[in-house]
Amino acid sequence: MNEIMIGLLNVVSPFNLLVIASGTGLGIFVGAMPGLSATMAIALLLPVTFGMDPAAGISMLASLYMGAMYGGSISAILLRTPGTPAAAATVLDGYPMAQQGRAGKALGVSLTASLIGGVISSIALLTIAPVLGKVALSFGPVELFAIAVLGITIIGSLSSGSPIKGILSGVVGLMIALVGMDPISGTPRFTFGQMYLFNGISFIIALIGLFSIPQALRLVEKDDAVKKAVSSIKDKMLPTFKELKSMIVTILRSSVIGVFTGLIPGTGGDTACWFGYNEAKRFSKEKEKFGTGYPEGVAAAEAANNAVVGGALIPTITLGIPGSSATAVLLGGLMVHGIMPGPTLMTEHSLITYTLIWAVLLSNVFMFLEGLVLTRAAVSVTKIPNLVLAPIIIILCVIGSFTINNSIIDVFVMVFFGILGYFMDKINIPTAPMVVGMILGMMLDNSMNQSLLMSDGSWMIFLRTPVSAILLLIALISVLQATPLFGFIKKRLKKTTI
């Protein structure tokens, strides 16, 4: 309880409140820009937090994440183009409302539902994370190894598209994490005689390249001529009490769906928004209104995708397993500040952790207040041509990667990862598992070496403790589900039951 109160006192300091407010506002504008994402914005903003206190820097990134989740609905409603993937389902009813002259109402419903969903997920984070953190304290090197293996296999197998490609991406990230000096023996690994690689590949430089450069290139490929934006917002934004009362059950249901979806590594707001929307339609007595400009459809999607934030941060904080690509970048922010993610985060760095949790809760309040003020201004952001936006992103990437170590080599490494991420996207290989592999690689390497030293080289140590054995079994099942053999067996079972 003391840590919780200290975190609250820390987060309400004037500087931290300013940082959270700034991050939330920036997130709203980034989310409103079609094609951009919270993950890309967090990666670009990481170098800015270097000079900040770790608690303030991470709080700023988390508030940006929350703001961007709402901001994505602005372009979804006004342009019929989701600003972030999490706003995909918002298009179905949000854009028709805008065409009917109710753009303000659609954005107000989105903002209100986002606030409620975000607050509920923040409360879940504040109550569940400490309990899981205490459980995780009993974990030793053996259990940490199993957690790292599980994190890589689950997020790989749950990736959209081919699960095999997701696992392959995670393994590549694992190999990248092993570049540099072996922490046990001091032997260079995968350095090819290059002194630059002796310290390993900078995680933040790889992140900037993987998430920002491909996004800029995709913007150049898009055609701006198809945009048909609503030029202004003329109607009232906030829903009336009667309108809110009619939607509250849907909002609460979608919020719970969002929290539980966020808990599953590899899923995110793009999955939760469809879950929330589909369940709202299934339970509704007016199913035929969905897709025609029905406010309840907007509320269902937005409550779910904002509730994902708190849910995704629960495994991120307690176990060091990112719940989404955005939380993976947040973990990278912790590593940049010299804080290793994992079960000890709740104890050794409790001030930073609880400040982050309270920052997520407060960012919902700032999101609502700033959303009322900034949403009308954000309409102009949706009109920025892609050919103008893309070069700005690339320039920011170059500046951000150079200023980390004042090294031009870092810029070339960033460009390399940017090109790699672009071609991975072209062949539908997800980059999120690679990021998770890079994050969990060091934990996997250290815990494996420590465990083998404890057992005199016997690999059976990983099966001797119940927790480790169960986690590795779940990891094995997730890998087997990704194989063609599992799909064949599943089809055969269906045929026999029929």
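The values are calculated or read from the model by the stated rules, or taken from the named source; none is laboratory data. Bear in mind that the values here come from a model prediction, so they are computed numbers and not experimental data. All Cβ positions, glycine included, derive from the backbone under ideal geometry; neighbour counts span all protein chains shown. Side chains included, ligands, DNA and RNA excluded: accessible areas come from the protein's heavy atoms. Shrake-Rupley method; radii C 1.70, N 1.55, O 1.52, S 1.80 Å.
Brief remarks on what is shown
- Entry comment: accessible area of the stretch 2-497 is 41 Å² per residue, from protein heavy atoms only and a probe of 1.4 Å.
- Pairwise label distance in nanometres, Gln450 with Leu369, each label 7 Å out on the Cα-Cβ vector: 4.2 nm
- Relative contact order [Cα under 8 Å, 6+ residues apart], the stretch 2-497, whole percent: 28 percent
- FRET efficiency for Leu476 and Ser13, using Cβ-Cβ distance with R0 set to 60 Å, rounded to 0.05: 0.80
- Counted over the chain with a bin width of 20 Å, the fraction of Cα pairs per bin, in whole percents, is 24, 57, 19, 1.
- Helix-only CD estimate at 222 nm, as mean residue ellipticity for the chain, using -39500 (n - 2.57) per DSSP H run (n ≥ 4): -24500 deg cm²/dmol
- Angle of helix 386-405 to the longest C-alpha principal axis of the chain, folded into 0 to 90 degrees and rounded to 10: 30°.
- The distance from the alpha carbon centre of the stretch 396-456 to that of the stretch 274-300 is 40 Å, rounded to a whole number.
- Estimated distance in nm for a label pair at Arg464 and Thr403, the labels positioned 7 Å out from Cα along Cα-to-Cβ: 5.1 nm
- Rough spin-label spacing in nm, given labels placed 7 Å along Cα→Cβ, for Arg218 and Asn2: 4.7 nm
- Exposed chymotrypsin sites (Phe, Trp or Tyr not before Pro) absent: longest stretch of the chain, with sites in DSSP loops and at most 13 other Cβ within 10 Å deemed exposed: 193-498
- Database remark: amide H of Met181 closer than 5 angstrom to the amide H of Arg189, Gly200 (H placed geometrically; neighbours at sequence offset of 5 or more, or on other chains; Pro and chain starts carry no H).
- Accessible area of the chain belonging to carbon and sulfur atoms, whole % at 1.4 Å probe: 71 percent
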